[in-house]
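Accompanying notes for the structure given below.
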Amino acid sequence: MAGFHYFMYFVTSIIAERFGRFVFVDAPVTVNHIMAHESQFRIGFVISLFSVVFFLLAAWYLYVLLKPVNEDIALLFLLLNLGGFAIYCFSTLNLFASLLLLSGADYLKVFQPDQLQALAVLFVNLRKNAAISAQIPYGIWLFPLGYLVFKSGFLPKILGILLIVDCFGLLTAVFQYFLLPGYEVISYPCMAVSFIAELSLTLWLLIKGVKDHEPILTDGQK
């Protein structure tokens, strides 16, 4: 179930970007897409919301799987994922605000069309910055997750190592975005590592699964 929901997160994220055009493009491109293909944008927007729900469910099933290793650390990564989920969902309000600004509603006629478009670009940019901020808890959660995968004994240690590296890679990409916005090249290898690490975990859980194992007792457990 963890692998299935993680995989669905990947699939729905790709579909959402295909329809919504609000992730790997600049804000003016998104605004133009809203004006030209509003229905597609709405579909992408809704699918994007479902994608983060799949991600949260994947984190829950990983918590259930890994809490025998260390319940406190498993709860930590679950709460970090929930924090990223909350920030990301809040960021989507800015994206929906851009849609409202371009809706042509009567109460917006006090603004000139170019003013509305400028405001829509602003809200799309706000959404992008908030979504990047969500990568801080989404990045940090990978460290305790990777640690428990490494210590589990029923998942390959290399997956745990990749997830820990992924943690630092995502945080590096966030710092690059906010501190060195003109040096996107720094984040490219980080994104590659992130894709390899999380897709590898997903495919292993989905295809290989885990062997039956005795509960792993930590210090203080009986």
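Tabulated data
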item	result
Filter pass, GLY160 being within 30 Å of GLU71 (Cα to Cα), buried (at least 17 other Cβ atoms within 10 Å of the Cβ) and not hydroxyl-bearing (Ser, Thr, Tyr)	yes
Only listed residue being part of a helix (DSSP H, G or I), modelled with pLDDT under 95 and under 29 Å from MET191 (Cα atoms), chosen from LEU148, LEU95	LEU95
Residue match in region 6-29 (condition: more than 20 Å from the chain's Cα centre (by Cα), surrounded by fewer than 21 Cβ atoms within 10 Å (Cβ to Cβ), at pLDDT below 95 and not basic (Lys, Arg))	yes
Pairs where the first residue, in region 9-24, is without any contact (Cβ under 8 Å) to a residue 24 or more places away in the chain and at positive phi and the second is assigned to a helix (DSSP H, G or I) and among the aliphatic types (A, V, I, L, M), C-beta under 7 Å, 6+ apart	ARG21/VAL29
Residue count, region 12-27 (criterion: part of a helix (DSSP H, G or I) and under 13 Å from ARG127 (Cα atoms))	1
Which listed residue is touching a residue at least 40 places away in the same chain (Cβ under 8 Å) and crowded, with 21+ Cβ neighbours inside 10 Å, from PHE90, PHE77	PHE77
Some residue of region 127-136 being among the polar types (S, T, N, Q) and within 19 Å of LEU199 (Cβ to Cβ)	yes
Selection from region 174-183 of residues that are loosely packed, with under 12 Cβ neighbours inside 10 Å, part of a helix (DSSP H, G or I) and either within 19 Å of the chain's Cα centre (by Cα) or not hydrophobic (A, V, I, L, M, F, W, C) (or both)	PHE178
Residue match in region 94-108 (condition: within 19 Å of LEU155 (Cβ to Cβ) and among the acidic types (Asp, Glu))	no
Single match in LEU171, LEU116 (criterion: without any contact (Cβ under 8 Å) to a residue 60 or more places away in the chain, over 23 Å from CYS89 (Cα atoms) and part of a helix (DSSP H, G or I))	LEU116
Subset tally (residues that are of a type in the set (A, V, I, L, M, F, W, C), over 18 Å from ILE136 (Cα atoms) and crowded, with 18+ Cβ neighbours inside 10 Å) for region 59-73	4
Failed item in (1) modelled with pLDDT under 95; (2) assigned to a helix (DSSP H, G or I), with VAL110 passing the rest	(2)
Residue within region 125-133 that is free of Cβ contacts under 8 Å to residues at least 60 places away in the same chain, surrounded by fewer than 16 Cβ atoms within 10 Å (Cβ to Cβ) and small (Gly, Ala, Ser) present	no
From GLY139, GLY104, GLY83, GLY44, residue being in a helix (DSSP H, G or I) and surrounded by fewer than 18 Cβ atoms within 10 Å (Cβ to Cβ)	GLY83
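Residue by residue, here is whether (1) at pLDDT 95 or above; (2) outside any loop (DSSP other than H, G, I, E, B); (3) crowded, with 18+ Cβ neighbours inside 10 Å; (4) of a type outside the set (Gly, Ala, Ser) holds:
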site	(1), (2), (3), (4)
ILE164	yes, yes, yes, yes
CYS167	yes, yes, yes, yes
VAL185	no, yes, no, yes
ILE216	no, no, no, yes
GLY220	no, no, no, no
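The values are calculated or read from the model by the stated rules, or taken from the named source; none is laboratory data. A quick note: this is a predicted structure, and the numbers were derived from the prediction, not measured. Don't worry about glycine lacking a Cβ; one is built from the backbone with ideal geometry, like all the others, and counts go over all protein chains shown.
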